[in-house]
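Here is the structure we will look at.
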Amino acid sequence: MLRNLKPLHVIALLFVAAMAVIGTAWGFQLIGGYVPCKLCLQQRIPYYVAMPFMAFAFVMQRQGKSMMALSCLVFVGIVFAYGSGLGAYQAGAEWDFWAGPNDCGGGSGPTTNVADMLSGLKSVRIVSCTEASWRLLGLSFAGWNAVASFGLALLALLAGALCVRRKGRS
């Protein structure tokens with residue numbers, strides 16, 4: 001089955017899967033009303049960093065520049081492995097396996113008006129990095145991000161291996 005995989009298809013799948021994950025996070029925040037903590041927001045950064053490199057890898061592979069595509073995809077794999085580590089760290093803190101960050105809470109932007117700040121304090125809900133606000137099959141948002149990021153890291157490395165194997169062919 002791996003013989004028939006084309007690098008461009010795997011890179012496109014990688015991009016679509018990453019969009020689905022980050023889109024789901026945004027959906028839970030905007031539609032579901034879940035407020036992300038500081039560490040949750042940091043877990044989104046690997047997606048924002050990796051996605052332009054995925055697009056560049058796609059273009060490079062399409063142009064037959066397999067080594068450039070491979071370099072980008074290895075970088076993407078490393079970025080998502082880091083993101084998986086962040087998710088695992090937060091999930092472990094939520095399960096009390098270790099202490100979470102001391103400065104984690106909130107998720108709102110700065111206020112420039114004192115009256116707005118005082119009225120906002122009445123409705124502010126502090127979001128802790130060590131309390132899961134939602135779980136599915138025992139995993140919190142952070143736990144699912146660890147799983148998704150790990151899968152994306154593996155998919156990026158598979159795409160890179162296919163780029164080299166195909167020697168520039170799509």
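Bear in mind these aren't lab numbers, they're just calculated from the coordinates by the rules spelled out. On a predicted model such as this, the values are computed, not experimentally measured, just so you know. All Cβ positions, glycine included, derive from the backbone under ideal geometry; neighbour counts span all protein chains shown.
Sketch the reach of a paramagnetic label on V49 as a point 7 Å from Cα along Cα-to-Cβ, and name the residues of segment 137-167 whose backbone nitrogen lies under 20 Å away. Residues 142-160 qualify, since their backbone N sits under 20 Å from the label point. Using the Karplus relation 6.51 cos²θ - 1.76 cosθ + 1.60 with θ = phi - 60°, the per-residue 3J(HN,Hα) values for segment 15-32 come to 5, 5, 5, 5, 4, 5, 5, 5, x, 5, 4, 5, x, 4, 6, 7, 9, x Hz, with x marking Gly and Pro. Note on R165 and V59: their simple-model spin labels are 2.7 nm apart, each label 7 Å out from Cα toward Cβ. The listed peptides 47-54, 29-36, ordered by packing as a protection proxy, come out as 47-54, 29-36 (highest mean of other Cβ atoms within 10 Å first).
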